[in-house]
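Working notes, beginning with the structure itself.
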Amino acid sequence: MSFADLDYVRHILDETRYLQTASAGLEQTKFIRDETLRRAFVRSIGIIGEAARHVSEQFQNKYPAIEWRSMAGMRNRLIHNYLGVDYDIVWDVVTNKVPALRNELERVLQQESRTQRDG
């Protein structure tokens, strides 16, 4: 595990927090109509994917419950042949995948913190 791995995990966690905060109480129809939110959510998911790509294989193997490859490939799932973004997928990711991912990443950071503290 490298220090950079934890930086990337924290970066991903920051984006999951943003997505959960911004989507709290939001209905899909309002999301679809709000261009600023759509762009922000796509950007956050892109940041998550890019950060996940940089997490070392060793760290990924240490936490196999996290779908690292799926996160890294999310941008490709969102954008279809340069024709636009599939906002139904964006909404599904934000409402169904992000909460579990956030919980898992918080658990990982707690475990890593204990490991570093206990040496």
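Just so you know, all these numbers are worked out from the coordinates, no wet-lab data involved. From a predicted model like this one, the values you see are computed outputs, not experimental measurements. Positions of Cβ are backbone-derived with ideal geometry, glycine not excepted, and every protein chain shown enters the neighbour counts.
Worth a mention:
- Each residue of the stretch 83-95 is assigned a 3J(HN,Hα), and the resulting list reads 8, x, 9, 8, 6, 5, 5, 4, 4, 4, 4, 5, 8 Hz, derived from the Karplus form 6.51 cos²θ - 1.76 cosθ + 1.60 (θ = phi - 60°), x at Gly and Pro.
- Karplus (6.51, -1.76, 1.60) ³J(HN,Hα), θ = phi - 60°, over the stretch 11-26, in Hz, Gly and Pro reported as x: 4, 4, 4, 4, 5, 5, 4, 4, 4, 5, 5, 5, 9, 4, x, 8
- Using alpha-carbon coordinates, inclination of helix 98-118 to the longest axis of the chain, degrees: 20
- Sorted by Cβ density within 10 Å, fewest first, the residues Ser70, Ser44: Ser70, Ser44
- Site pair Asp118 and Ile32 shows an inter-label distance of 4.9 nm when each label is modelled 7 Å from Cα along Cα→Cβ.
- Its DSSP H runs of at least 4 residues, each contributing -39,500 (n - 2.57), put the calculated 222 nm mean residue ellipticity of the chain at -23000 deg cm²/dmol, to the nearest 500.
- Each Lys and Arg contributes +1 and each Asp and Glu -1, all at the Cβ; summed about the Cα centre of the chain, the dipole is approximately 60 debye.
- Spin-label model, Glu50 to Glu106: label points 7 Å out along the Cα-to-beta-carbon direction sit 2.6 nm apart.
- Long-range tail of P(r) for the chain (Cα pairs > 19 Å, %): 46
- Net charge over other residues, Cβ less than 14 angstrom from the Cβ of Ala4 (K, R count +1; D, E count -1): -3
- Helix 35-54 vs. the chain, principal-axis angle (Cα, 0 to 90°, nearest 10): 30
- Under Karplus coefficients 6.51, -1.76 and 1.60, residue-wise ³J(HN,Hα) of the stretch 58-67 in Hz, glycine/proline x: 4, 5, 4, 5, 5, 10, x, 5, 8, 7
- Packing order of peptides 11-20, 51-60, highest average first: 11-20, 51-60 (average count of other Cβ atoms within 10 Å over each peptide's residues).
- Label point distance in nm, Ala65-Asn96, each placed 7 Å from Cα along Cα→Cβ: 2.1
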